[in-house]
Amino acid sequence: MTRQFLYALCITLFTVSAAMGSDGLGAKLIDATEAGNLSKIEELLEQGANVNATSKGMQTPLMFAATEDHMEAAKLLLGKGANIHSRTDDGWTALFCAASGSHIEMTNLLIEHGADVNSPTRTGATALHKAAEKNQLKIIQILLERGANPNSKNNKGYTPLMLASEKGHSDAVSSLLFAQANVNQQDIYGASALMKTAAKGHPDIVQQLLASGADAHQKDLDGATALHWAAEFGHTKVIAELLQQGIDINSINDEGWTALTESANGSHLEAVQYLLKHGADKTLTDTNGSTALDYARMRGDIAVMTLLSD
């Protein structure tokens, strides 16, 4: 065996021993907590079980209580000194576990005991990101009232508003906008909430964002606007909403693609028809000298080819 292997083995054994205790009390405490067995939890703690024992993924008994929504177990553990700030290997806290499960009372309990509402996971997500993504309105409200940052970003630059918009959660979007979420914030790729919801085809969310000041002319790092994003996936209703903002129907991205190019390349006949009807120029070429018709030919889409050939 190499010295490095032996060192790693010792560290692993030490970690397991610290978590379980000499007779496995820690593991038993975790099992009892997950099951919500109060009498067993009390018994194990009296026997000396570590209230902050951890599982293989570094989950503590409090995290299991939060995940399973065992309120009395959580209160008992907190009263015995459970560390509310402990994190799993993925950076999840007990609060993140509770919020993910939409456990309202548990979320309140943990915050009252000092849980950090803005604590990020390894991916940079906060409890508000998760609540926004899952449309957990009450959790969103609680977190915002307790100081959660509506403009927090995960490692990709996604904000809670972007996640709610992308998923089409109108009520969550409203709550975040009311909390002064930055409607024009961009992620690491330059994409905004408007672009993300345009790509998913949520015209109602597009309306909400535009009414709150979303910039329809904003471009991502590739020079694409929300119109390009909507056209790429053939979302005609979203295209209509965006054109009402006065955006140039023939605006190009860094490759010279227009919305028409995007829709033709994606074989979106209805979107191509709509764009042509509203002034899209089918003669424009991209940086390779190709037109929308050329891309329709590459796709072998007879219907779109015919429409663009007229």
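The values are calculated or read from the model by the stated rules, or taken from the named source; none is laboratory data. Source: prediction; values computed, not measured. Please note: Cβ atoms are built from the backbone with ideal geometry, for glycine as well, and neighbour counts cover all protein chains shown.
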Subset of segment 200-215 that is touching an Asp or Glu at 6+ places or on another chain (Cβ under 9 Å) and crowded, with 20+ Cβ neighbours inside 10 Å - its residue that is farthest from His278 (Cα to Cα): Ile205
Leading residue by the ranking (surrounded by the most Cβ atoms within 10 Å (Cβ to Cβ)) among those in segment 125-136 that are part of a helix (DSSP H, G or I) and not hydrophobic (A, V, I, L, M, F, W, C): His129
Residues satisfying the stated conditions in segment 259-298, i.e. more than 15 Å from Ala240 (Cα to Cα) and either hydroxyl-bearing (Ser, Thr, Tyr) or modelled with pLDDT under 95 (or both): Thr261, Ser267, Thr283, Thr285, Thr287, Ser290, Thr291, Tyr295
Lone qualifier among Ala292, Ala226 - being within 24 Å of Glu166 (Cβ to Cβ) and of a type in the set (A, V, I, L, M, F, W, C): Ala226
Residue pairs meeting the criteria (Cβ under 6 Å; at least 6 apart or on separate chains; first of a type in the set (Gly, Ala, Ser) and surrounded by 20 or more Cβ atoms within 10 Å (Cβ to Cβ), in segment 137-153; second modelled with pLDDT of 95 or more and not in a loop (DSSP other than H, G, I, E, B)): Ala148/Leu128
Where a residue in segment 285-304 is touching a residue at least 40 places away in the same chain (Cβ under 8 Å) and its partner, wherever it lies, is surrounded by 14 or more Cβ atoms within 10 Å (Cβ to Cβ), with Cβ under 7 Å and at least six apart: Val304/Ala264; Val304/Ser267; Val304/Leu269; Val304/Val272; Val304/Ala296
Filter result for Ala164 (surrounded by 17 or more Cβ atoms within 10 Å (Cβ to Cβ), more than 30 Å from Val304 (Cβ to Cβ) and of a type in the set (A, V, I, L, M, F, W, C)): yes
Residue that is of a type in the set (D, E, K, R) and buried (at least 19 other Cβ atoms within 10 Å of the Cβ), where the choices are Lys56, Lys28, Lys80: Lys28
Filter result (part of a helix (DSSP H, G or I) and under 16 Å from the mean Cα position of the chain (by Cα)) within segment 178-197: Ala193, Leu194, Met195, Lys196, Thr197
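In this structure, is Ala230 out of contact with any Gly (no Cβ under 6 Å at 6 or more places or on another chain), of a type in the set (A, V, I, L, M, F, W, C) and at pLDDT 95 or above? Don't jump to the end; show me each part of the working.
Details: out of contact with any Gly (no Cβ under 6 Å at 6 or more places or on another chain): yes; of a type in the set (A, V, I, L, M, F, W, C): yes; at pLDDT 95 or above: yes.
Considered against the rule, which asks whether it is out of contact with any Gly (no Cβ under 6 Å at 6 or more places or on another chain), of a type in the set (A, V, I, L, M, F, W, C) and at pLDDT 95 or above, Ala230 comes out as yes.
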Complete set of residues in segment 251-283 that are buried (at least 16 other Cβ atoms within 10 Å of the Cβ), more than 31 Å from the chain's Cα centre (by Cα) and over 17 Å from Asp301 (Cβ atoms): none
